[in-house]
Every structure is written in structure tokens, then in C-alpha cells.
Amino acid sequence: MKPAIILLAILVVGGAIVWIIDRLFYRRNVDENADEVQGITQDGADSHGCADEACGLRPICPSEQILAGECRQQPVYYDDEELDAFAGREADGYSAQEEEQWRDVLYTLQPADLLGWGQSIKHRGLVMPAAIREEFMQLAGEHRHLGQ
């Protein structure tokens, strides 16, 4: 009976030590790299390129970062330069034909380009039509859940 109690005590103490070391390392790592965990470097650039593969590993989902304008500083064009004509428009200020222009671009994108395109739109000073924004968020969510 005595050897079993000693073994149990060793296991409990060893487990407590491992847990404490893990908690201390985790807390120090999070404190030192808080911005990096979110994917934002000190100069405001996105160190991860806002790739959706990391979604769930950061406190803020990349899709939310895009809408908040926290990602890449320089816009990248996705063969959508014609959308720059809509700079300064409000989400509810588009005609059905103009929404269709947005839709044409959205549905010709590769799934892996969705989040980057959303960033580019934000940094170019463009506001998606409300309907297109909903479709964009749905497509981005589907892409994230499918793990593509």
C-alpha cells in the first residue's frame, strides 16, 4: 500500500510541476508576442498576410480583421481595377447593375484569394454593397469551414 501512495504522490507532484511550467511558458509567450498572435507587427503590417488557414488560432478572426482594416497595408489587385470607380460610395448607394459588377468579381475569385481581396477592397477605400458584403462573408466562412 505504501509504494502505491508514494507513486501516486510522485505522479501528482510531477503533474503539478508540468502544469505550472506550461502555464508560465504560455503566459510569457502570449505577453511577449501578443501582437504577433493577432498577426499584427509593431508597424501595423500583417505578418501572416491574413491567410485564413490560421483562423481560430488568433483572438481576432482574419475576416473581422479585414472589416476592421487591420491587415495588409498595401492593396493587391485581383484583376478588379474597375471597382476603384466606386471609391467613396456607401454600402446602400449602389444600383443593381453596379452590385452585379461586384458580384462578377467576387465569384471569379479563387477561394484562397477571398480574404486578401477583402483586405484590398478595404485599403483601397471601397465599401462593398451590403448584399455583396453578406455574400462575401458567407463565401469566406464556407472556405474557412471547408479548410481549403
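Read-outs throughout are calculated quantities, based only on the coordinates presented, and are distinct from any laboratory measurement. Quick caveat: nothing in here was measured; it's all calculated off a predicted structure. Reconstructed Cβ throughout: ideal geometry from the backbone, glycine too, with neighbour counts over all protein chains shown.
Overview of results
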{"quantity": "Exposure proxy order (Cβ contacts within 10 Å, fewest to most) of 25, 136", "calculated": "25, 136"}
{"quantity": "Burial ordering of 144, 103, fewest other beta-carbon atoms within 10 Å first", "calculated": "103, 144"}
{"quantity": "Packing-based exposure ordering (other Cβ within 10 Å, fewest first) of 122, 2", "calculated": "2, 122"}
{"quantity": "Residue 76 long-range amide H proximity, modeled H, under 5 Å", "calculated": "120"}
